[in-house]
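Report on the following structure.
The values are calculated or read from the model by the stated rules, or taken from the named source; none is laboratory data. Since the structure is predicted, the reported quantities are computational estimates derived from the model, not experimental observations. Every residue, glycine as well, gets a Cβ built from its backbone with ideal geometry; the counts of neighbours run over all protein chains shown. When the accessible area is computed, the model is the full protein with side chains, heavy atoms only, and any ligands, DNA or RNA have been set aside. Shrake-Rupley method; radii C 1.70, N 1.55, O 1.52, S 1.80 Å.
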Amino acid sequence: MDFKTSSEEIKTGVYLLQDGNQEPFSVRLHLAKDILTIQEQDVICVSGEPFYSSERTVTIRRQTIGGFGLSIKGGAEHNIPVVISKISKEQKAELSGLLFIGDGILQINGINVRSYRHEEVVQVLRNAGEEVTLTVSFLKKTPAFLKLPLCEDCTCVPSDQSSGTSSPLCDSGLHLNYHPNNTDTLSCSSWPTSPGLRWEKRWVDLRLIPLLHSRLSQYVPGSDVCRQNAFQVIAVDGVCSGVIQCPTAEDCLDWLQAIATNISALTKHNVKKINRNFPVNQQIIYMGWVDEKEQDSVQDRMYTPKFLALRGSSLFKFSAPPVTTWDWTRAEKSYTVYEIMCKILKDSDLLDQRKHCFSLQTENGEDMFFSVELDSELMIWEKAFQMATFLEVERIQCKTYACIMESHLMGLTIDFGMGFVCFDAASKAVLWRYKFSQLKGSSDDGKSKIKFLFQNQDTKLIEAKELEFSNLFAVLHCIHSFFAAKVACLDPLFVGSQGAAATAVASAASAVTCTAPMGKMKFST
């Protein structure tokens, strides 16, 4: 797919980008349905020879009035380059069409000034004679304090002319651009055509982030420290946008939600295509990135990105999204969906500063903790897990576990239609059965034993049944799943929102986002 030509722009804006250890610099973001484009300012040749040089050599003559028509900032003493900070309108620097605000001065008349102090560069320019040859290069990542214009219709503020000296961090070289009638006409709004080459400062593509299977992150990698009004986007191939800094929390949240919405839409479309190749009982219900809290984390790595997928009867955990059919056999872990328990964590349950968290308890009793970036992503996950559990319980209808009661080997069947059925493993004779509605409570020892309290329909007395299992948590979670599915069947909103999902599971992925939440079952463990 040609991401550049197939995308329709949805959102755009100019922000600061922190890329590695470099100084923050201005970039322009373009959000389309399937791609995030990050652009930086660069100087490109728009006419003349069809080549681009990162360095340009420009010769200009000094005017009798107005000098060269430029001002500079910076210097080696501040560990920053000397940069053209202002260009006077209709004077030699501007009329050349080859010099721009943001150009770093590399050489003056063949003298390498990259390591010169500010005043040394001023002296070289002052003594350059009537004609000066500058070798310059446009600095894309000019330090923020230089306050270079972000767009071509900006207005530059003239220097203070009350003093013959100035700070290297302020515009300097008034003798280079001073004109008594031109003190307030500094501008970078137009670049006149000159014979031969013509250069312009434009926004050019710096990075393209395809959004399918991309992930968002507001947090410092591996930690629970949330960046203030900043985020980054990481593509499936590992290409990172860098940290995008927004002016306000509202603006940051707006971008996060817009990008997350596009990623979700692309994921749904991709799932729909993939499901064509899977049988009805192996359809994908959910796919998405989460951050997993490390069980034995080192100090600088508390969280690790993981990719979760709900497909058929299983929850898969990957280190990267599955692309081929073979990838599904290479998951880090897989769990039977009706034998695990999901809990959305309230604020009082959170383990650290991470928000939007949920926990999963496996059939072995292992607790796993995950976080997502937005509340909307948490809701999508919750509804998807509920839907996957409901569809699988409805499909299998019953599940039997081996157990021991009063030193005898038994079997306990959890049946969606009949309830609980206990039978002798050898003779298959049914010893007792109870409906789901007859279960009034339960307790377990956290190891192997469960005591069920059932109400006899005739006598209304409570009858206790204690069973011992080798897989206690799997049994508890399975019972919870069957109860939750039973409650969901009684919820007209849930049943109505499914439509044909029970008979055509292929449509379940699209039903997830419009499904009403399941009713909560009161089940004591």
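On a per residue basis, region 340-486 carries 47 Å² of accessible surface, using protein heavy atoms and a 1.4 Å probe. Less than 12 Å Cβ to Cβ from Glu332, Lys/Arg counted +1 and Asp/Glu -1: what total charge do the surrounding residues give? Its environment carries a net charge of +2. Straight-line cross-link reach from Lys486 at under 19 Å between alpha-carbon atoms covers these lysines, not counting any fewer than eight positions away in the same chain: Lys343, Lys383, Lys399, Lys435, Lys440, Lys520, Lys522. When each of the peptides 482-488, 79-85 is scored by how many other beta carbons lie within 10 Å of its residues on average, the order from highest to lowest is 79-85, 482-488. Charge tally around Thr267: other residues with Cβ under 15 Å, Lys/Arg +1 each, Asp/Glu -1 each, net +4. Evaluated over the Cα positions of region 425-478, the convex hull gives a direction-averaged projected area, one quarter of its surface, of 4.5 nm². Restricting region 326-367 to trypsin sites (Lys or Arg not before Pro) that sit in a DSSP loop and have at most 10 other Cβ atoms within 10 Å of their own Cβ leaves Lys346. All other residues whose Cβ lies under 10 angstrom from that of Lys317 are scored, Lys and Arg at +1 and Asp and Glu at -1, for a net of 0. Rounded, prolate or oblate: which one fits region 350-403, using the alpha carbon gyration tensor with axes a ≥ b ≥ c (rounded when a/c is under 1.5, else prolate when a/b beats b/c, else oblate)? Cα axes put region 350-403 in the oblate bin. On a per residue basis, the convex hull of the C-alpha atoms belonging to region 330-468 measures out at 172 Å³.
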